[in-house]
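S.K.: Dumping the structure here so I can ask a few things about it.
The values are calculated or read from the model by the stated rules, or taken from the named source; none is laboratory data. Note that the coordinates shown come from a computational prediction; the quantities given were computed from them, not determined experimentally. FYI the Cβ positions are ideal-geometry reconstructions off the backbone, even for glycines, and counts take in every protein chain you see.
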Amino acid sequence: MKEIILIIVGSALVNNVVLSQFLGICPFLGVSKRVETASGMGGAVIFVITLASVLASVVYNYILVPLKVEYLQTIVFILLIAALVQFVEMFLKKSVQGLYRALGVYLPLITTNCAVLGVAIINVQKDYNILNSTINGFSVALGFAIAIIIMAGIREKTEYNNIPESFKGMPITLLTASLMAIAFFGFSGLI
Amino acid sequence: MKNWLERIYNGIIKENPTFVLILGMCPTLAVTTSASNGIGMGLSTTAVLVLSNMLIAMLRKIIPNSVRIPAFIVIVAAFVTMVQFLLQGFVPSVYQSLGLYIPLIVVNCIILGRAEAYAYKNTVMMSIFDGIGMGIGFTLAITIIGLIRELIGAGQAFGRQIIPVADSAAGKGGYVPVTIFILAPGAFLVLAFLIAFQNYLKRKAAKRAHRPIPAATCADGCAACGNEICGKPLISEEKTEKTENKKEVTTEEKSEAKTEVKTDEASDKEALA
Amino acid sequence: MSKMIKNAIIITVITIVAGVALGLVYEITKVPIANAEENAKREAWQKVFPKAELADFETTEVDEEKAKEAAASVNANALIDEVCTVKGGDEGYVITVTDKEGYGGDVQITVGIASDGTVTGISFLELSETAGLGMKAKEPSFYEQYANKKTDSFYVSKDGGEGEKIDAISGATITSRAVTGAVNTALAYYRSAF
């Protein structure tokens, strides 16, 4: 139990996937203009990363390791993620209309979110079993959601601020991210 | 005009993947804690980029349009793993310091982006030069970022102490490193200032030429990567393949989704201008 | 429909070719990778036991049970990877430990322990910490703190504890803890196994 709590706190807050590992930067900067869209993206990412962690872990432990083809890891994982995103999208559209309406737009963007592949590889590197991989995947994605929603909140508030011309757009967003990263350092005292 | 020279110039200056297109942010921010890490990452990415551009240009007549993205991903992933093994065997120090970020070259938007935007439509030779240009552009950019961070954050350049560091215990005066620059926040900070500086230069040049001031690059580099190059076409196209009976609904919804994103971007550009 | 099958075949062929090519590269690079690792290991052995000749080192089996107990007894999330005897254990032992609690990834170190329990030195095999912070563990001012000390355990200055004090690298407490955890695991294993 202690180990599980450590994984959750560690992955969601202390080693926040965006602010300290730099995974999933593109959506973090690109889809964080409105809190609403950011929450949608965050939800979709939690959904996909958790599923992808389970699948990648199962495939790695029960197919790649017994066949001694661990070197195919990267290729298999990325295909798995691409296929997973497709299936999730198709499934949601057919069966869970409400969820699809909420997350559908964001799903296609997730294949290239390096956090998904990153988590799958980290799980393998850390020798997590399937349960721990799932928990780690979920908490990493939770960390992503927290970061992107906070970011969107700040950007909504500062949208009409009078900032130097050259800093408008990307630079001010990066500066905001920098300050958030400093704030998240505070969590490192937790573990 | 020598076409291949133009390609290399394009990659380094005109369409520099990091500063102008704002692609491949993950490695740009993550591995730039030192200049040598930047070079290692940049050269590994260049190798993958050149090889994948070459192969994709070779196979461009064979790969069907509708499954091109999965095909690109497979090709890129294979090259990335090969580079990973080569590094592990022959330059283990680089392999160790880049760690997780080597396999993540697969999802570096620069590579898929170039495959889609250039290699799939052009000849083999030109695609190779495009890869070289883009690769050098990327390498230079992240080496510069790495150098700045290393210099301010530790007083070092390429791992060598350039500025003598103060040591209060020994009573020695000197430079007190601003450690935050080699930590995560420093990555965002340095990139923010570099892009702002570039915006400033652009605006100045535009003013002098009495041209309209270009909108700041903002996040459309990223959004474009996510929307147009890497994500959207793959999905919408495959969908028309896979769920033919639901085609109408799909396209309708897709276009709706796209306009939503587009308006978002447009409004952003407006706000910037 | 036939178009779909054709597409599927093409993509399958590409995937298979890529897989086979990868397998080939894997086979080709297997030897250099193993060599590189072996060399790094040898260098580390020599570094922690400068007195001994390369021929003196001999790998012995790791007692998994005791390794687990050792890590648990010092509260470290660490694994014993390899144990070597130096001159059959007369001179001492070299223990390779991986600690999973590093900041940027695993920390793998080699610990030399003389036959009387003195730590002769430590050397890093794998360290992917932040440059300028955790990476400073590779500087003599940090790692020499462990050398030539005869103790049951080390502790990081900030945390307090029993045994010898280790001054943490400023700004890299996590790395300092990981290294110390690994050294303590090696010591605990040494005590229980030899």
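S.K.: Only one residue in B:177, B:185, B:164 is of a type outside the set (Phe, Trp, Tyr) and within 13 Å of chain A (Cβ to nearest Cβ). Which one?
M.R.: B:185 is the lone residue from the list that is of a type outside the set (Phe, Trp, Tyr) and within 13 Å of chain A (Cβ to nearest Cβ).
S.K.: Turning to a different aspect of this structure: Can you name the residue in region A:23-80 that is closer than 30 Å to residue A:155 by Cβ and hydroxyl-bearing (Ser, Thr, Tyr) and, of all such residues, is farthest from the other protein chains (Cβ to nearest Cβ)?
M.R.: A:50
S.K.: Kindly indicate the residue of region C:43-56 that is charged (D, E, K, R) and touching a strand residue (DSSP E or B) at 6+ places or on another chain (Cβ under 8 Å) and also nearest to residue B:85 (Cα to Cα) among those meeting that condition.
M.R.: C:43
S.K.: Would you pick out the residues in region B:95-104 that are part of a helix (DSSP H, G or I), farther than 13 Å from residue C:129 by Cα and not hydroxyl-bearing (Ser, Thr, Tyr)?
M.R.: B:103, B:104
S.K.: Select from region A:1-22 the residues that are polar (S, T, N, Q) and under 12 Å from residue A:146 (Cβ atoms) and write down the one among them that is farthest from the other protein chains (Cβ to nearest Cβ).
M.R.: Here the answer is A:11.
S.K.: Suppose we filter region C:129-142 for residues that are surrounded by fewer than 21 Cβ atoms within 10 Å (Cβ to Cβ) and of a type outside the set (A, V, I, L, M, F, W, C); how many remain?
M.R.: Qualifying residue count for the region: 5.
S.K.: If you don't mind, another one. Report yes if some residue within region C:176-191 is more than 14 Å from chain B (Cβ to nearest Cβ) and more than 15 Å from residue C:77 (Cα to Cα); otherwise report no.
M.R.: Yes: region C:176-191 contains one or more residues that are more than 14 Å from chain B (Cβ to nearest Cβ) and more than 15 Å from residue C:77 (Cα to Cα).
S.K.: Please give the number of the condition residue B:112 fails out of (1) crowded, with 22+ Cβ neighbours inside 10 Å; (2) more than 26 Å from residue C:130 (Cβ to Cβ); (3) more than 8 Å from every other protein chain (Cβ to nearest Cβ).
M.R.: (3)
S.K.: Hey, another quick one. Hey, among A:115, A:102, which residue is in contact (Cβ under 8 Å) with a residue 24 or more places away in the chain, of a type in the set (Gly, Ala, Ser) and surrounded by fewer than 24 Cβ atoms within 10 Å (Cβ to Cβ)? Don't jump to the end; show me each part of the working.
M.R.: Numbers: A:115 fails: surrounded by fewer than 24 Cβ atoms within 10 Å (Cβ to Cβ).
Result of the check over A:115, A:102: A:102.
S.K.: One residue is enough: does region B:85-104 have a residue meeting the conditions in contact with a Cys (Cβ under 6 Å, 6 or more places away or on another chain) and either outside the structural domain of residue B:145 (by TED's automatic domain parsing) or under 20 Å from residue B:191 (Cβ atoms) (or both)?
M.R.: Yes.
S.K.: Here's a follow-up. Out of the residues in region B:1-41 that are of a type in the set (Val, Ile, Thr) and buried (at least 23 other Cβ atoms within 10 Å of the Cβ), state the one that is farthest from the other protein chains (Cβ to nearest Cβ).
M.R.: B:18
S.K.: Still on this structure, please answer the following. Please go through region C:138-167 and pick out each residue that is more than 14 Å from chain B (Cβ to nearest Cβ) and hydrophobic (A, V, I, L, M, F, W, C).
M.R.: If the condition is that a residue be more than 14 Å from chain B (Cβ to nearest Cβ) and hydrophobic (A, V, I, L, M, F, W, C), then C:147, C:154, C:156, C:166 are the ones that fit.
S.K.: Output the residues belonging to region C:26-60 that are within 17 Å of residue C:123 (Cα to Cα), touching a Phe, Trp or Tyr at 6+ places or on another chain (Cβ under 9 Å) and away from chain B (no Cβ under 13 Å).
M.R.: C:42, C:45, C:46, C:49, C:52, C:54, C:57
S.K.: Moving on. Just checking, does region C:144-165 include any residue being in contact with a helix residue (DSSP H, G or I) (Cβ under 6 Å, 6 or more places away or on another chain), farther than 19 Å from residue C:192 by Cβ and surrounded by 20 or more Cβ atoms within 10 Å (Cβ to Cβ)?
M.R.: Yes; the residues of region C:144-165 include at least one that is in contact with a helix residue (DSSP H, G or I) (Cβ under 6 Å, 6 or more places away or on another chain), farther than 19 Å from residue C:192 by Cβ and surrounded by 20 or more Cβ atoms within 10 Å (Cβ to Cβ).
S.K.: Residues in region B:62-80: is at least one more than 11 Å from every other protein chain (Cβ to nearest Cβ) and among the hydrophobic types (A, V, I, L, M, F, W, C)?
M.R.: Scanning region B:62-80, I find no residue that is more than 11 Å from every other protein chain (Cβ to nearest Cβ) and among the hydrophobic types (A, V, I, L, M, F, W, C), so the answer is no.
S.K.: Could you please give the count of residues in region B:42-59 that are over 16 Å from residue B:87 (Cα atoms) and either within 14 Å of chain A (Cβ to nearest Cβ) or acidic (Asp, Glu) (or both)?
M.R.: 1
S.K.: Evaluate the following for residue A:102: is it among the aliphatic types (A, V, I, L, M) and facing another protein chain (nearest Cβ under 8 Å)?
M.R.: So residue A:102 does not fit the description; no.
S.K.: Could you tell me whether any residue of region A:125-139 is touching an Asp or Glu at 6+ places or on another chain (Cβ under 7 Å) and aliphatic (A, V, I, L, M)?
M.R.: There is no residue in region A:125-139 that is touching an Asp or Glu at 6+ places or on another chain (Cβ under 7 Å) and aliphatic (A, V, I, L, M).
S.K.: With the structure loaded, tell me whether residue C:34 is exposed (fewer than 15 other Cβ atoms within 10 Å of the Cβ) and in a helix (DSSP H, G or I) or whether it fails that test.
M.R.: Criteria met by residue C:34.
S.K.: State which residue is modelled with the lowest pLDDT when the search covers only region C:81-97 and only residues that are among the hydroxyl-bearing types (Ser, Thr, Tyr) and surrounded by 22 or more Cβ atoms within 10 Å (Cβ to Cβ). Reasoning before the result, please.
M.R.: Just the residues of region C:81-97 that are among the hydroxyl-bearing types (Ser, Thr, Tyr), to begin with: C:85, C:93, C:96.
Subset that is surrounded by 22 or more Cβ atoms within 10 Å (Cβ to Cβ): C:93, C:96.
Details: C:93: 86, C:96: 90.
Residue satisfying both the conditions and the ranking: C:93.
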